[in-house]
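Q: Sharing a structure with you now.
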Amino acid sequence: MPYVLIAPFFILFAIFGLFPLIFNGVVALRTWRLDDPAQDGWAGLANFEKLLTDEDFWNALYNTFGIFVLSTVPQLLLALCVAFLLNRRLRGQTWFRVSMLLPYITPLTASTLVFLVVFGRDYGVANWVLSVFGMDDPIDWRAGKLQSWVAIATMVNWKWIGYNALLYLSAMQTIPRDIYEASALDGATSWKQLWRITVPMILPVVIFTVVLSTIGGLQLFTEPMLLDANPASASGGSNGEWQTIAQLIYKVGWKNLNLGYAAAMSWALFLIIVIVAVVNTLVTSRLGGGKR
């Protein structure tokens, strides 16, 4: 009976998870073009070798990592600080905690379209705020790598800071108050309590959010897709200023109809995510352990 009860999950996983993964691996080793079925045949590692000299792939990889760093690092640090503040006694504490989820439950497409207005060149709110601080020349957020990365990272951070903050908060709730009271008697400031007590004691949750953020950050697709004036092109700007690997996979597979090469890109992205996730986990574990 236990096997019968768990069977539906494994059946669905085998059909919609395992089989597409294996099939995609087979496609990556073939020359498979939807616009020219006559070219279909075994290619071996040719698709992967092509990646090494593909300027579009390296540009997309560079953009992906740039946006990933600008979004993930501030996102997790701010989420940690917000959770630490919400873990203290505040008026309207429940309201603040619930409000943290509002960006997360907002439809991604709707929030991204709102941010397109915020980052408008001529009448955008972002440029108006910068003009208040003395910047006279408006920024064209779609005209270069750095400004487009900042715009996309802002969208990502707005959506996920609250979600990660609640994960941290739930872990902080398990830390006994006696530890904080004892450290306060010893002269520990709130800042020291955060890095010397809180972070080491919620390290498993921190590692969990680092891995999730790594996976999500390197698979970024919707925000950069909708930032483009012509989203269907999946070009990430006129010169690929913010084109991510996920966008390039979509463009190669469903715009250029080269499924074999797109499958090879997806496997390369999978391996990159695994490597970066492992490195991030090791670094986070070492930093967290060193603060005990």
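The values are calculated or read from the model by the stated rules, or taken from the named source; none is laboratory data. Here the structure is a predicted model, which is why all the values come from computation and not from measurement. All Cβ positions, even for glycine, are placed from backbone atoms using ideal geometry, and neighbour counts span all protein chains on display. Side chains are part of the model used for accessible areas, which takes the heavy atoms of the whole protein and leaves out ligands, DNA and RNA. Shrake-Rupley method; radii C 1.70, N 1.55, O 1.52, S 1.80 Å.
Q: Would a scan of region 255-277 turn up a residue that is buried (at least 19 other Cβ atoms within 10 Å of the Cβ) and either at pLDDT below 90 or not in a helix (DSSP H, G or I) (or both)?
A: yes
Q: Is it the case that some residue within region 225-232 is part of a loop (DSSP other than H, G, I, E, B) and surrounded by 17 or more Cβ atoms within 10 Å (Cβ to Cβ)?
A: Checked region 225-232: at least one residue is part of a loop (DSSP other than H, G, I, E, B) and surrounded by 17 or more Cβ atoms within 10 Å (Cβ to Cβ).
Q: For residues that are assigned to a loop (DSSP other than H, G, I, E, B), over 18 Å from Ala229 (Cα atoms) and not charged (D, E, K, R), scanning just region 119-137, find the one that is most open to solvent (accessible area, probe 1.4 Å).
A: Only one residue tops the list, namely Phe133.
Q: Condition first: touching a residue at least 12 places away in the same chain (Cβ under 8 Å) and open to solvent by 60 Å² or more (accessible area, probe 1.4 Å). Now tell me which residues in region 34-46 satisfy that.
A: Leu34, Asp35, Trp42, Leu45
Q: Same structure again: Name, by its number, the condition in (1) in a helix (DSSP H, G or I); (2) open to solvent by 90 Å² or more (accessible area, probe 1.4 Å) that does not hold for Leu61.
A: For Leu61, the exception is condition (2).
Q: Still on this structure, please answer the following. So, in region 153-196, how many residues would count as being open to solvent by less than 90 Å² (accessible area, probe 1.4 Å) and in a helix (DSSP H, G or I)?
A: Total satisfying the criteria: 28.
Q: Any idea which residue in region 134-168 is farthest from the chain's Cα centre (by Cα), counting only those that are closer than 12 Å to Glu241 by Cβ and among the charged types (D, E, K, R)?
A: Per the stated criteria, the residue is Asp140.
Q: Is it the case that region 104-112 has a residue that's assigned to a helix (DSSP H, G or I) and open to solvent by 90 Å² or more (accessible area, probe 1.4 Å)?
A: Among the residues of region 104-112, at least one is assigned to a helix (DSSP H, G or I) and open to solvent by 90 Å² or more (accessible area, probe 1.4 Å), which makes the answer yes.
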